[in-house]
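Engineer: Pasting a structure below so you can have a look.
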Amino acid sequence: MKNIVNLGNVATYINGYAFKPSDWAEDGAPIIRIQDLTGNSYQMNRFKGIVDSKYDVNSGDVLISWSASLGVYVWNRGNAVLNQHIFKVVFDKEEVDKDFFVFQIDNLLKRAANQAHGATMRHLTKPVFDALPFYLPDIKTQRLISSKLNLIVHLIEDHHEQLKKLDELIRSRFVELFGNPVMNQKRFPVKQVGDVIDFIGGSQPPKNVFEYTPTEENIRLIQIRDYRTDKYKTYIPRKLAKRFCTADDIMIGRYGPPIFQILGGIEGSYNVALMKAVPKMGNREFIRWFLKQECLLHYLEGMSKRTAGQDGIQMDKLKKYPFPYPPIELQNQFANFAKQLDKSKLAVQKSLDELEILKKSLMQQYFG
């Protein structure tokens with residue numbers, strides 16, 4: 001029988017200090033905020049003063065965001081001080097393997113999100129947090145479990161790195177064949193994006209027709225989030241669908257952040273947050289990778305406008321963007337190269353999916 005204890009009996013959880021903007025300084029110790037943990041911050045605030053040493057954070061410390069974005073993190077950016085809405089974990093009550101703790105608390109927080117309170121900011125109250133059930137086997141068992149899970153995590157990271165390198169290889173080949181489109185060193189004739197590509201916006205059915213089980217009478221409604229996860233599959237009656245895409249179509253996320261994500265791989269009916277890029281001429285794979293260029297993304301980010309709280313693409317600016325147009329033979333040569341590497345990417349992705357399933361299965365087995 002598993003040894004289950006309350007989370008509050010496992011370790012001490014120290015809430016951060018309530019720093020105010022007037023406390024910020026140009027130098028001093030970095031102040032860890034939630035956005036510094038989630039990667040949504042480009043610049044850290046600093047504090048040059050004295051606070052209780054219990055708020056000090058060092059590399060290797062385990063931090064838990066219990067407000068807004070529930071999550072567990074291992075801090076690895078040197079000495080800092082802790083802001084409010086983040087717990088620092090001090091393992092002073094039980095013998096706990098740090099990796100084992102992180103794996104289990106991540107699982108717990110996902111489940112605890114359903115118990116979160118707060119109208120404008122989701123957070124865990126201290127009583128709810130302390131009462132969470134924690135599986136606490138002996139230290140040897142903890143280390144055995146964490147070593148198995150760490151092995152899978154490292155394999156997953158390796159597979160993501162392989163996919164990244166394959167994409168980099170395709171980008172490198174693009175530059176080799178076509179040069180920098182902004183500079184147009186190859187002296188290709190220059191068109192505009194609107195001359196080469198049609199953009200077809202999506203359609204937004206009302207939420208009261210949404211369905212969550214596939215049938216012969218409905219069709220999948222594709223939203224931007226569906227390219228990240230299949231967790232929220234949504235369907236609509238086929239008779240109400242107005243915009244369709246195949247898995248091979250070039251799909252673009254209209255709003256952000258980040259804006260202008262080049263997407264694909266799903267078949268269905270797409271909503272207003274997406275648009276389909278339909279080539280008027282040329283090779284589709286070449287055009288897909290032309291749209292993936294960082295220089296085009298940076299141009300659009302500089303021109304983006306706020307739409308209902310989101311950054312949006314200015315379509316008139318996109319259509320006027322210069323498009324150096326190479327010979328079709330060169331486009332086809334690049335497309336053949338990209339398709340070959342896509343086969344390698346599919347094999348890596350298949351293995352990655354199997355690893356994710358294995359990890360999920362083990363997490364369920366160990367932590368429920």
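Engineer: Note down all Cβ pairs under 8 Å where the first residue falls in the range 49-70 and is within 22 Å of Thr125 (Cα to Cα), the second is small (Gly, Ala, Ser) and outside any loop (DSSP other than H, G, I, E, B), and they're at least six residues apart or on different chains.
Structural biologist: Pairs found: Ile64/Gly71; Ser65/Gly71; Leu70/Ala112; Leu70/Ala113.
Engineer: With the requirement that a residue be buried (at least 16 other Cβ atoms within 10 Å of the Cβ), more than 20 Å from Pro206 (Cα to Cα) and of a type outside the set (A, V, I, L, M, F, W, C), what does the range 241-252 give you?
Structural biologist: The answer is Asp249, and nothing else.
Engineer: Do we have any residue at all in the range 337-358 that's surrounded by 15 or more Cβ atoms within 10 Å (Cβ to Cβ), of a type in the set (Phe, Trp, Tyr) and at pLDDT 95 or above?
Structural biologist: Yes: one or more hits.
Engineer: In the range 4-26, which residue that is modelled with pLDDT of 90 or more and in a helix (DSSP H, G or I) is surrounded by the most Cβ atoms within 10 Å (Cβ to Cβ)?
Structural biologist: Taking the candidates together, the pick is Leu7.
Engineer: Yes or no: the range 160-168 includes at least one residue that is touching a helix residue (DSSP H, G or I) at 6+ places or on another chain (Cβ under 9 Å) and outside any helix (DSSP H, G or I). Before you say what the answer is, go through the steps one by one.
Structural biologist: Filtering the range 160-168 for residues touching a helix residue (DSSP H, G or I) at 6+ places or on another chain (Cβ under 9 Å) gives 160, 162-163, 166-167.
With the extra rule that they be outside any helix (DSSP H, G or I), the set shrinks to none.
Checked the range 160-168: no residue is touching a helix residue (DSSP H, G or I) at 6+ places or on another chain (Cβ under 9 Å) and outside any helix (DSSP H, G or I).
Engineer: Further question: Out of (1) at pLDDT below 95; (2) surrounded by 15 or more Cβ atoms within 10 Å (Cβ to Cβ); (3) over 27 Å from the mean Cα position of the chain (by Cα), what's the single condition that is false for Asp316?
Structural biologist: Failing condition for Asp316: (2).
Engineer: Pick out the one residue from Lys20, Lys2, Lys48, Lys54 that is closer than 30 Å to Gln365 by Cβ and among the charged types (D, E, K, R). Spell out the reasoning first.
Structural biologist: Values: Lys20 fails: closer than 30 Å to Gln365 by Cβ; Lys48 fails: closer than 30 Å to Gln365 by Cβ; Lys54 fails: closer than 30 Å to Gln365 by Cβ.
Exactly one residue qualifies, and that residue is Lys2.
Engineer: If we keep just the residues of the range 264-290 that are surrounded by 20 or more Cβ atoms within 10 Å (Cβ to Cβ) and of a type in the set (A, V, I, L, M), which is nearest to Gly39 (Cα to Cα)?
Structural biologist: Result: Leu274.
Engineer: Output yes when any residue across the range 322-336 is touching a strand residue (DSSP E or B) at 6+ places or on another chain (Cβ under 9 Å), modelled with pLDDT of 95 or more, assigned to a loop (DSSP other than H, G, I, E, B) and not charged (D, E, K, R), and no when none is.
Structural biologist: Scanning the range 322-336, I find at least one residue that is touching a strand residue (DSSP E or B) at 6+ places or on another chain (Cβ under 9 Å), modelled with pLDDT of 95 or more, assigned to a loop (DSSP other than H, G, I, E, B) and not charged (D, E, K, R), so the answer is yes.
Engineer: For the range 125-137, indicate whether the set of residues that are under 25 Å from the mean Cα position of the chain (by Cα) and modelled with pLDDT of 90 or more is non-empty. It would help to see each step written out before you state the result.
Structural biologist: Taking the range 125-137 as the starting set, the residues that turn out to be under 25 Å from the mean Cα position of the chain (by Cα) are none.
Looking for residues that are under 25 Å from the mean Cα position of the chain (by Cα) and modelled with pLDDT of 90 or more, one finds none in the range 125-137, hence no.
Engineer: Which condition number does Arg228 fail, the rest of (1) surrounded by fewer than 18 Cβ atoms within 10 Å (Cβ to Cβ); (2) touching a residue at least 24 places away in the same chain (Cβ under 8 Å) being met?
Structural biologist: Result: Arg228 passes all but (2).
Engineer: Another question, if that's okay. Kindly indicate whether any position in the range 335-352 is farther than 30 Å from Asn150 by Cα and touching a residue at least 60 places away in the same chain (Cβ under 8 Å). Talk me through it step by step, then tell me what you get.
Structural biologist: First pass over the range 335-352, keeping only residues farther than 30 Å from Asn150 by Cα: 335-340.
Retained after the next criterion (residues that are touching a residue at least 60 places away in the same chain (Cβ under 8 Å)): 337-338.
Yes - at least one qualifying residue is present in the range 335-352.
Engineer: Out of the range 206-225, which residues are of a type outside the set (Val, Ile, Thr), buried (at least 17 other Cβ atoms within 10 Å of the Cβ) and under 26 Å from the mean Cα position of the chain (by Cα)? Break it down into steps so the answer makes sense when it comes.
Structural biologist: Looking only at the range 206-225, we keep the residues that are of a type outside the set (Val, Ile, Thr), and these are 206-208, 210-212, 214, 216-218, 220-221, 223, 225.
Imposing the further condition that a residue be buried (at least 17 other Cβ atoms within 10 Å of the Cβ) reduces the set to 218, 220-221, 223.
Of everything in the range 206-225, those that are of a type outside the set (Val, Ile, Thr), buried (at least 17 other Cβ atoms within 10 Å of the Cβ) and under 26 Å from the mean Cα position of the chain (by Cα) turn out to be Arg220, Leu221, Gln223.
Engineer: Can you tell me which residues in the range 18-38 are more than 18 Å from Val72 (Cα to Cα) and of a type in the set (Ser, Thr, Tyr)? Spell out the reasoning first.
Structural biologist: If we filter the range 18-38 for residues that are more than 18 Å from Val72 (Cα to Cα), which is where we start, we get 18-30.
Passing the criteria: only Ser22.
Engineer: Select the strands (runs of 3 or more DSSP E) contained entirely in the range 42-119, then report the ones holding at least 3 residues which are at pLDDT below 85 and of a type in the set (Asp, Glu).
Structural biologist: On the way: elements: 62-65, 71-74, 80-82, 86-90.
In the range 42-119, there are no strands (runs of 3 or more DSSP E) which contain 3 or more residues that are at pLDDT below 85 and of a type in the set (Asp, Glu).
The values are calculated or read from the model by the stated rules, or taken from the named source; none is laboratory data. Please read all numbers here as calculations on a predicted model, not as lab measurements. Every residue, glycine among them, receives a Cβ derived from its backbone with ideal geometry; neighbour counts consider all protein chains shown.
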